[in-house]
Amino acid sequence: MMVLRAFSSGLLAALAAPKLLLLLWCVLLAASVPLGLAMQQEIADDIGASRVHLDLRQRLDRVWLGEFSGRAESLGKMLEPATAGRVDFLYNLDLLFGGRLFSQHRGLVAAGVGYALVSLLMLGGVIDRFARGGGRFVLSQFLGACGRYFGRLLKLTTLSAVLYWGVYRGAKWVYVTLERGVQDVTVEATVLRYYLLAAVPILLLTAVVMMVFDYARIAAILEEEPGTLRALGRGLRFVLGHPVSVLTLAVLVGLCVIGLVALRTVLAPGVGEATALGIGLVFLLGQLFVAGRLALRLTLVGAELALYRGLR
Amino acid sequence: MHGMEHRTSAFSWAGVVLSPFLTGALVAQEAAPEPEALSPRNANYTIDVRLDPETRMLSGSQTLTWTNLQQSSTNRLWFHLYWNAWRNRQSTWMREDRFRGRSDRKDRIEEGDWSYIEVDSVSLADDGTDLTRTMYFAFPDDRNIDDRTVMVVLLPTPVEAGESIRVTMEWHAKVPRTFARTGFRGDYYFIAHWFPKLGVFEADGWNCHQYHAGTEYYSDYGVYDVSMTVPAGWVLGATGREVELRDNGDGTSTHRYAQSDVHAFTWTTSPDYLVVEDRFEHDELPPVDIRLLLQPEHQGQAERHVAATKAALEHYGVWYGAYPYGHVTVVDPAYGSGAGGMEYPTLFTAGTRLFSPEGGGRPERVTIHEAGHQFWYGIVGNNEFEFAWLDEGLNTFSTARTQQAAFGESLYTQRFFRPPGIEGSGFFALLLEGYGYGGQSHLNRVTRYRPDASSDLQATPTFLYHPKSGGSLSYSKTALWLRTLENWLGWESLQSILSTFFERWQFGHPTADDFFAVANEVTEEDLGHFLRSVMGSEVFDYSVQSVATFAVANEGWVKQGDEIVLLDGSAEPADGEEEMFRSEVVVRRLGGASFPVEVLLAFEDGHEVRHKWRGKRRWKLFVEEYPSRLEYAVIDPDGILALDIHPSNNSREVKSKAQLPAWKWAARWTVWLQDFFSTFGFFV
Ligand SMILES: [Zn+2]
């Protein structure tokens, strides 16, 4: 019951903070739109006055795409069916799980890391606002809180990055060993089963790291705990003390993300004739999806905070 | 012509070799009298081989009967020992494989993964003369003294023109973990190019190349009678048909298969195969029994394998000539066995995945391609060491045509779930719409060909191509220039070339020149210039450099009557006089190769003008005066020149219309990017 109460309180907190959501969304927009414009420019320059535009209105023509990728110096190489369609979430998730997120286009990875840092900066403000709450949203107050907690959060996050790296190395070792172990298995379904099974402890471990640090961040702000290791200790104690609640809550939010992705996949229009309206619609739906993800992120923070307060 | 000459002399041999199963009581199936020999049948093998799964060893004994079809004599026999390619890292195959940069196994070949073949004894079958001590290894291609893929045996007396010789060999071989589609995975065995195999004695001597990473095979046609002993109860598939199955009572069974008029013999065995049987029937073509050896987990894809096989038998059969063997075995290789997508006479491997959604083109494409090799490779047996493009190129072209005709364009498949450290593509698949070729899927070959377009002269013997880029020439470039020929001459004309070539060279060994001779003979066009161009390494790349259109202004000094007057351009055209526009189009030849092309000028009022251009000079200006503005110009508007490496520069509009589609894809990409960034947000 506590979990559900925490979840709904998180959801309410997220819904009650449209300005916060707007701010997060603007940050994401600010990070991506300039690159999107650069991509638009690169595509338009490449098409030039060619009549290949007729094909490209209909589809991401693969004859042209082959030429474009060959000529593209930078961003253009990142245009492919998976990054221009409705499977983008799955594709990125696979990059993350496969440990290939950081081996993508360098500029984009750098921007991604930058975005993560800004998100971290704002996380301090978000937790602070959710924790001490109430009142009108004042940007300067929010930013003040962001600045106040950034140092603590950064230390915690650096530590978590080291652990994630360890999990990744371990996962890689597991899979390479497993691949060797199944080298005489002739049934793909069996191999797939092993691989999926191996993913369970890896995902669980990842989730534990994620949750321990989530609660450590909450502790660092809620309880004004400036010590990195002490905050981590609190997070760890909390997760170990209430493993079922903590996990259930995370699964609940995870299911919401899956639901959102499913909804978006169903709603997303297919690739049709290019019209200004269609393009706008696709982008708008994309923004709703993105905003939905951000709202769920806020929900998670709010819910974890509520759970921490309720069970501590 | 070459193929025809030998038939009479070879025919008597067929009788000798076939006699065991014509007269013997052991013939399991109805022993229809062997029809007239289709091929010279000058390299005939009777082989006994035993597979020991415990040690992963083959032990074999074989009798080769060879007839010298040449005018000269020889006192040597040259043999391929293909499995020595994977004996160690010093072989030519392994060395070249490193240049290919795609072998993910190079760093972790374990002890049991290597292979070898050792010939224990060689003797003359008739009098028992032992030739074992005369064996030596040869390295005709690269002087790599560590290579053991070619073995020579010295004969006590030369084999004169028209004479025959019978040689007996004992050998044993270690089955590798798969290299080049050959080997084992668990209880799955795919045994190809596995026995000491004679090279081809040609007018200028033995043609017996070392095994190269980028090339395939070459052998004479003959009659094969092969007995394979494997664990009892295992399913076995092989070239030919089973003529006898014997239970040895010791936990093994011996499967005896026979096939005439083929140039190789391949087999596979596994306890797991699911056997599916079907039959191809067609009004104009002889029936073919299809035996599909399927991985049980692909049971749901059986019909797709069969349909693709039938599509190839039908289209190739109608276009080029009938498949004469009456049966074909389709092998769906075990997961991860690396044996997919390879052709052998009357048997080939397809290849699919657990999740292969219908419409994604897999396993259809690979099945059509390998079934198609029964025609280009199997029936027309060119030397793949030297002219790989003859079979791979003709077949790649035909594959695309067949797939388009039978299944249409396939959708883009995006695969997911590739765990860290795992190579290859993901396990799950989704089909994506909106990312196709607009019915021009054969142009996917342009993308593959472009980066390697100038890597080698196409006329270079295949084994001398760079191992990494050679495939782009053999497969993609050839498919594209055949498509160009089709567009240029018309399908009927190209079909006539290909079917004549097929008819003339079935069961023979054509060279590039033989193909060109047929092409020139069958068509009325002079193909010489084109064929010389494509055999080189120059590329075709035409472009529209600039388009301009402007009102023909009444400006400057103009003669009016007897007077020369200066006009300032402000005068409107007189009543009844149309405003005229001058349009200028500059086209360029950016590539080294040339081809006659058309240039289309299209005007805003819908009017079109076509000019012919021989395409020799580096650039040309076309000017039109017409009462409407030019809208766009296209060089090669019908897309005849499929070889053009940059199709997108073949057209140009007066006003660029790039913005809208650029927005379309950039908008979608931006949403992906936001999600990509959010994925980094996971870490905080
Ligand atoms: Zn092929």
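The values are calculated or read from the model by the stated rules, or taken from the named source; none is laboratory data. Source: prediction; values computed, not measured. Please note: Cβ atoms are built from the backbone with ideal geometry, for glycine as well, and neighbour counts cover all protein chains shown. Note: areas computed on protein heavy atoms with side chains; ligands, DNA, RNA excluded. Shrake-Rupley method; radii C 1.70, N 1.55, O 1.52, S 1.80 Å.
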Next on the checklist: I need the shape label for chain B. Rule: rounded when a/c is under 1.5, else prolate if a/b > b/c, else oblate, with a, b, c from the alpha carbon gyration tensor.
Outcome noted: prolate
Item to check | HN-Hα J in Hz across the range B:59-74 - Karplus 6.51, -1.76, 1.60, θ = phi - 60°, x for Gly and Pro | outcome: 10, x, 9, 8, 10, 9, 10, 10, 10, 7, 8, 8, 7, 9, 9, 9
Checklist entry - What FRET efficiency, computed as 1/(1 + (r/R0)^6) with R0 = 41 Å and r the Cβ-Cβ distance, is obtained for B:ALA548 and A:LEU284, rounded to the nearest 0.05? => result 0.55
Item to check | In Hz, Karplus ³J(HN,Hα) per residue of the range A:291-304 (6.51, -1.76, 1.60; θ = phi - 60°; x = Gly, Pro) | outcome: 5, x, 4, 5, 4, 5, 5, 5, 4, 4, 4, x, 5, 5
Checklist entry - Which net charge results for the neighbourhood of A:PHE150, defined as the other residues with beta-carbon distances under 12 angstrom from its beta-carbon, given Lys and Arg at +1 and Asp and Glu at -1? => result +3
Checklist outcome for this item: Surpassing 25 Å at the alpha-carbon level, of the pairs A:LYS77/B:LYS468; A:LYS172/B:LYS174; B:LYS477/B:LYS616; B:LYS620/B:LYS655; A:LYS77/B:LYS657, are A:LYS172/B:LYS174
Next on the checklist: Report the gain in length on full extension from A:ARG237 to A:SER74: 0.36 nm times residue separation, minus Cα-Cα distance, nm rounded to one decimal.
Outcome noted: 54.1 nm
Checklist entry - FRET efficiency for A:GLN58 and A:GLU223, Cβ-Cβ distance as r, R0 = 45 Å, nearest 0.05? => result 0.20
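If r is the Cβ-Cβ distance from B:GLU577 to B:LEU621 and R0 is 22 Å, what FRET efficiency results, to the nearest 0.05?
Between B:GLU577 and B:LEU621 the formula returns 0.25.
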Item to check | Distance from the range B:113-178 to the range B:620-684 (C-alpha centre basis), Å | outcome: 59 Å
Next on the checklist: Checking the a/c ratio against 1.5 first, then a/b against b/c, what shape does the Cα gyration tensor give for the protein assembly as shown?
Outcome noted: oblate
Checklist entry - Once both axes come from the Cα atoms, what is the angle between helix B:491-505 and the longest principal axis of chain B, in degrees from 0 to 90, rounded to 10? => result 20 degrees
Checklist entry - When Lys and Arg each count +1 and Asp and Glu each count -1, what net charge do the other residues less than 13 Å away from A:VAL239, Cβ to Cβ, add up to? => result +2
Checklist entry - Carbon and sulfur atoms: what percent of the 1.4 Å accessible area of chain B do they account for? => result 48 percent
Checklist entry - Residue by residue through the range A:178-183, which ³J(HN,Hα) values in whole Hz follow from phi under the Karplus form 6.51 cos²θ - 1.76 cosθ + 1.60 (θ = phi - 60°), with glycine and proline marked x? => result 4, 4, 5, x, 9, 5
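What length, rounded to one decimal in nm, is gained on full extension from B:ILE145 through to B:ALA307, with 0.36 nm per residue of separation minus their alpha-carbon distance?
53.6 nm
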Checklist entry - Which angle from 0 to 90°, rounded to the nearest 10, does the C-alpha axis of helix B:512-522 make with the longest principal axis of chain B? => result 60 degrees
Checklist entry - Of A:ILE258, A:ILE47, which has the most accessible area and how do the rest follow, probe 1.4 Å? => result A:ILE258, A:ILE47
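Take peptide B:436-445, look around each residue's Cβ out to 10 angstrom, count Cβ atoms belonging to other protein chains, and average those counts.
Going residue by residue through B:436-445 and averaging, the value is 4.
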Checklist entry - How many Å² of accessible area per residue for the range B:392-466, probe 1.4 Å? => result 38 Å²
Checklist entry - What shape does the range B:450-609 have by the C-alpha gyration tensor, where a ≥ b ≥ c are the square roots of the eigenvalues, rounded means a/c under 1.5, and otherwise prolate means a/b greater than b/c and oblate the rest? => result prolate
Item to check | Span from the the range A:10-36 Cα centroid across to the the range A:141-173 one, whole angstrom | outcome: 21 Å
Next on the checklist: Charges at C-beta only: +1 for Lys and Arg, -1 for Asp and Glu. How large is the resulting dipole of the protein assembly as shown about its Cα centre, in Debye rounded to 20?
Outcome noted: 6300 debye
Checklist outcome for this item: For chain B, the longest principal axis of the Cα atoms and the Cα long axis of helix B:302-319 enclose an angle in degrees, to the nearest 10, of 70 degrees
Checklist entry - Just from its helices, what would the mean residue ellipticity at 222 nm be for chain B, if runs of 4 or more DSSP H residues each count -39500 (n - 2.57) and the sum is divided by every residue, rounded to the nearest 500 deg cm²/dmol? => result -7000 deg cm²/dmol
Item to check | Average Cα contact separation per residue, chain B, under 8 Å, 6 or more apart, as relative contact order % | outcome: 10 percent
Next on the checklist: Per 0.36 nm of contour for each residue apart, how much would the distance between B:LEU590 and B:LEU431 grow if the chain were fully extended, relative to their Cα-Cα spacing?
Outcome noted: 53.5 nm
Checklist entry - Near B:LYS559, which aspartates and glutamates are there with a Cα under 14 Å away, not counting those fewer than 8 places off in the same chain? => result B:ASP568
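Cβ under 12 Å from B:GLY60's Cβ, B:GLY60 left aside: what net charge do those residues give with Lys, Arg +1 and Asp, Glu -1?
Working: positive: B:ARG50, B:LYS197; negative: B:ASP48, B:ASP52, B:GLU118, B:ASP120, B:GLU170.
Net of charged neighbours comes to -3.
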Checklist outcome for this item: Reduced to Cα centres, the span from the range B:278-302 to the range B:478-545 in Å works out to 32 Å
